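A quick write-up on the structure given underneath.
The values are calculated or read from the model by the stated rules, or taken from the named source; none is laboratory data. Remember, predicted model here, so these are calculated numbers, not experimental data. Here the Cβ positions follow ideal geometry from the backbone for every residue, glycine too, while neighbour counts run over all protein chains shown. Heads up: the accessible areas ignore ligands, DNA and RNA and are worked out on the full protein's heavy atoms, side chains in. Shrake-Rupley method; radii C 1.70, N 1.55, O 1.52, S 1.80 Å.
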Amino acid sequence: MENEGDIQPSSKPVLATKTKNATIRATEASAHPTQRTIVILGVERGGTSMVAGVIRALGVDLGKAAGLNHEDPWFLSDDPEVLKDRVAKRNETADVWGFKMPKAVKQLEFWDKTLRNPVYIIVYRNPLAIADSWVQRGTGTLLGALKRIREYHSAALNFLEATQSPVLMVNYERAVQDEMSGRALVQELSSFLELSASPDQEKAALGMITGDGGGYVDLPETYFAMQRAEKAATTSEIATRPKGDKTLQVGEWFDQTKPSMLAPYLTCAVGKPFPKFIRLECDFQPGDNFEQEHDTMFMFYGVEGQQQILGPKELDLKPGQNFFDVETSGKVTEIAFKSSKTPSRYQLDVRVLEAVVNIVEDDRRWATPAKSKATVGRFKKLKMRFAQMLKG
């Protein structure tokens, strides 16, 4: 008869996977040492923005117009000739560049023939997590999302069976589960893509990883967050000067006849970036054709070293005075505004003031319904920093 101490638990795990890898190199090919084009793809809401943010932070140019989701609108076209022309232009400006486009998974044969030494990063996330994100955002149904995932995964599998190009597959959930996993992802991407990242770049890359469903993160140098304030400030005004063809006088109406028109368009008068913390006061009057229920105002901003203006940030401007506390990277050199509707008529007087230490109880009220939870979450961080400043 066995002693009681000799009895082994019947639920003891066996044959466990010892190493939980977040990445797998799907082909034996290596990235070209000098010239290569990096493509980040997968399913929308499947972690491609997180991986693209890491790669951008490591120093890869993913497009001057890449925004908060690190996607370059230049490559959203479905016209093959347009895409070929844009690839040629990018090849002229950089030896190593790339773009993030989830739907590229459906055009991999085209990209494999068109791109110079292509390198692919395919991101995989739990299909139910992707579908849940789609449903919560109101961008699709459960079955619709699952069918799209099946279509994308099938296309990726067919491509893997035929390609000779380097392919790295990323397991989103494993990559974001903790800091050690995040560091491993950063190191593997740097190694796989033949990048020589600095310690600062690696630190910034790690900061792009926010956890499972943690939302979008700007590069540190392009960080820009806003939070509605309740009352006017008493701080000093920061002098600005107009930029562009149109100089608006206080109280002047502006007729936006083209989608590209921006007004007002302001820079810091002293010729250097605005302070890291500022207050914006916006006196807004909509024209007759501006419908408050459907139309909105957008804000754009320029950053040192960036060739193109960034944004847009949606502003829920009410007729009359609107106040916003703003935190930036300290590298913002210009701000600009436009209507979501063209043609449109509006009156917008903007003053930039020195920062106000303020705490907003409801930081969701200013955001339009289309604003993502990730952005609202970032404003909560701004709120916490203001609270810390107040305590200090």
Contact list, first residue from the range 74-95 and free of Cβ contacts under 8 Å to residues at least 40 places away in the same chain, second anywhere and open to solvent by less than 90 Å² (accessible area, probe 1.4 Å) and among the small types (Gly, Ala, Ser), beta-carbon distance below 7 Å, six or more apart or interchain, is Trp74/Gly63; Trp74/Ala65; Leu83/Ser77
Kindly provide the set of residues from the range 267-287 that are open to solvent by 50 Å² or more (accessible area, probe 1.4 Å) and not charged (D, E, K, R), ordered by number.
Val270, Gly271, Pro275, Gln285
Filter the range 1-48 for residues that are at pLDDT 90 or above and hydroxyl-bearing (Ser, Thr, Tyr); which is nearest to His153 (Cα to Cα)?
Thr48
Within the set of pairs 6+ apart or on separate chains, which have a first residue in the range 148-162 that is more than 13 Å from Ile130 (Cβ to Cβ), a second that is open to solvent by less than 40 Å² (accessible area, probe 1.4 Å) and in a helix (DSSP H, G or I), and C-beta atoms under 6 Å apart?
Ala155/Val105; Ala156/Val105; Phe159/Leu108
Can you tell me which of (1) assigned to a helix (DSSP H, G or I); (2) modelled with pLDDT of 90 or more is the one Glu194 doesn't meet?
(1)
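Take Thr48 and decide whether it is open to solvent by less than 10 Å² (accessible area, probe 1.4 Å), within 15 Å of Val123 (Cα to Cα) and polar (S, T, N, Q). Steps first, answer last, please.
Working: open to solvent by less than 10 Å² (accessible area, probe 1.4 Å): yes; within 15 Å of Val123 (Cα to Cα): yes; polar (S, T, N, Q): yes.
Criteria met by Thr48.
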Quick one: would you say Leu189 is within 21 Å of the chain's Cα centre (by Cα), assigned to a helix (DSSP H, G or I) and either under 22 Å from Asp61 (Cα atoms) or modelled with pLDDT of 90 or more (or both)?
yes
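If I filter the range 117-138 down to residues being of a type in the set (D, E, K, R) and surrounded by 15 or more Cβ atoms within 10 Å (Cβ to Cβ), which single residue comes out as nearest to Ile149 (Cα to Cα)?
So in the range 117-138, the residues of a type in the set (D, E, K, R) come out as 125, 132, 137.
Next, only the ones that are surrounded by 15 or more Cβ atoms within 10 Å (Cβ to Cβ) stay: 125, 132.
Working: Arg125: 10, Asp132: 12 Å.
Among residues in the range 117-138 that are of a type in the set (D, E, K, R) and surrounded by 15 or more Cβ atoms within 10 Å (Cβ to Cβ), the one nearest to Ile149 (Cα to Cα) is Arg125.
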Please go through (1) open to solvent by 10 Å² or more (accessible area, probe 1.4 Å); (2) not in a helix (DSSP H, G or I) for Gly98 and return the number of the only condition it doesn't satisfy.
(1)
Of the residues in the range 298-343, those that are more than 19 Å from the chain's Cα centre (by Cα), of a type in the set (Asp, Glu) and either open to solvent by 30 Å² or more (accessible area, probe 1.4 Å) or at pLDDT below 90 (or both) number 2
I'm trying to understand the selection: among the residues of the range 249-266, which are open to solvent by 40 Å² or more (accessible area, probe 1.4 Å) and touching a Pro at 6+ places or on another chain (Cβ under 9 Å)?
Asp255, Thr257, Lys258
Check the range 288-297 and report whether any residue there is surrounded by 21 or more Cβ atoms within 10 Å (Cβ to Cβ), part of a strand (DSSP E or B) and not β-branched (Val, Ile, Thr).
yes
Residue within the range 174-182 that is free of Cβ contacts under 8 Å to residues at least 12 places away in the same chain and open to solvent by 20 Å² or more (accessible area, probe 1.4 Å) present:
yes
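Scan the range 242-254 for residues that are at pLDDT 90 or above and either hydroxyl-bearing (Ser, Thr, Tyr) or part of a strand (DSSP E or B) (or both) and report the count. Break it down into steps so the answer makes sense when it comes.
Within the range 242-254, the subset at pLDDT 90 or above is 253-254.
The next check asks that each one be either hydroxyl-bearing (Ser, Thr, Tyr) or part of a strand (DSSP E or B) (or both); those that pass are 254.
Residues flagged as at pLDDT 90 or above and either hydroxyl-bearing (Ser, Thr, Tyr) or part of a strand (DSSP E or B) (or both) within the range 242-254 amount to 1.
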Quick one: Ala88 ticks every box in (1) among the small types (Gly, Ala, Ser); (2) under 20 Å from the mean Cα position of the chain (by Cα); (3) part of a helix (DSSP H, G or I) bar one, so which box is it?
(2)
Unmet criterion (only one of (1) more than 22 Å from Ala29 (Cβ to Cβ); (2) surrounded by fewer than 18 Cβ atoms within 10 Å (Cβ to Cβ)) for Glu161
(1)
Failed item in (1) open to solvent by less than 10 Å² (accessible area, probe 1.4 Å); (2) in a helix (DSSP H, G or I), with Val170 passing the rest:
(2)
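Can you name every residue in the range 255-270 that is in a loop (DSSP other than H, G, I, E, B) and either more than 28 Å from the chain's Cα centre (by Cα) or basic (Lys, Arg) (or both)?
First pass over the range 255-270, keeping only residues in a loop (DSSP other than H, G, I, E, B): 257-264, 269-270.
Once the filter is applied, which keeps residues that are in a loop (DSSP other than H, G, I, E, B) and either more than 28 Å from the chain's Cα centre (by Cα) or basic (Lys, Arg) (or both), the range 255-270 yields Thr257, Lys258, Ala269, Val270.
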